[in-house]
1. Output the number of residues of the stretch 37-55 satisfying the condition of being surrounded by 11 or more Cβ atoms within 10 Å (Cβ to Cβ) and part of a helix (DSSP H, G or I).
2. Considering each residue of the stretch 1-21, count those that are surrounded by 11 or more Cβ atoms within 10 Å (Cβ to Cβ) and over 17 Å from Gln62 (Cα atoms), and give that number.
3. Can you go through Val85, Val81, Val77 and tell me which one is in a helix (DSSP H, G or I), modelled with pLDDT under 60, over 30 Å from Ser18 (Cα atoms) and hydrophobic (A, V, I, L, M, F, W, C)?
4. List the residue pairs whose Cβ atoms are under 8 Å apart, where the first residue sits in the stretch 41-52 and is farther than 14 Å from Arg28 by Cα, the second is surrounded by fewer than 15 Cβ atoms within 10 Å (Cβ to Cβ), and the two are 6 or more positions apart or on different chains.
5. Can you tell me which residue is farthest from Arg58 (Cα to Cα) among those in the stretch 22-36 that are without any contact (Cβ under 8 Å) to a residue 12 or more places away in the chain and either surrounded by 15 or more Cβ atoms within 10 Å (Cβ to Cβ) or under 30 Å from the mean Cα position of the chain (by Cα) (or both)?
6. What about Gln17, is it touching a helix residue (DSSP H, G or I) at 6+ places or on another chain (Cβ under 8 Å) and touching a residue at least 24 places away in the same chain (Cβ under 8 Å)?
Amino acid sequence: MIGLVGISLGFQWTLLQSVAWTVMLLDRSAEMGWVQAMETTFDGHHPCALCKVVRKGRDTQQQQQTVVLSLAKTDMVAGDVGSEVTAPPAVCIGHIIARDEHAAFKAFPPPWQPPRQA
């Protein structure tokens with residue numbers, strides 16, 4: 001369940017990007033030293049193949065989420081023009097106003113205790 005939530009939020013791209021940075025840092029540090037390897041790894045101007053895949057995947061996922069959100073907003077705004085939304089009648093119970101016709105019966109416990117099993 002946690003994995004599905006993580007995937008829906010896009011954590012797989014964060015995990016892949018971390019792997020890409022680690023591999024880049026280790027490969028480049030052997031060639032140019034740690035300081036220069038850190039600079040070229042994290043400056044954003046020298047992406048590896050995995051970094052490009054992560055960027056493309058993240059952009060695609062954001063575009064899909066934008067389309068879904070815009071469709072949801074359109075549905076909420078458009079709705080049924082002819083239908084009316086009415087609230088159930090309000091019931092006053094002491095100082096509490098409930099919007100349910102059976103609220104008066106739900107607000108108080110029953111006047112008798114149910115029988116106990118022996």
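The values are calculated or read from the model by the stated rules, or taken from the named source; none is laboratory data. Being a predicted model, the structure only gives us computed values, none of them experimental. We place every Cβ from the backbone using ideal geometry, glycine too, and count neighbours over all the protein chains shown.
1. 12
2. 4
3. Val77
4. Taking only residues 6 or more apart or on different chains, the pairs are Leu50/Val19; Leu50/Val23.
5. Of the stretch 22-36, the ones without any contact (Cβ under 8 Å) to a residue 12 or more places away in the chain are 22, 26-27, 29-36.
Then keep just the ones that are either surrounded by 15 or more Cβ atoms within 10 Å (Cβ to Cβ) or under 30 Å from the mean Cα position of the chain (by Cα) (or both); that gives 22, 29.
Details: Thr22: 19, Ser29: 27 Å.
Here the residue is Ser29.
6. Details: touching a helix residue (DSSP H, G or I) at 6+ places or on another chain (Cβ under 8 Å): yes; touching a residue at least 24 places away in the same chain (Cβ under 8 Å): yes.
Yes; evaluated as a whole, the condition is true for this residue.
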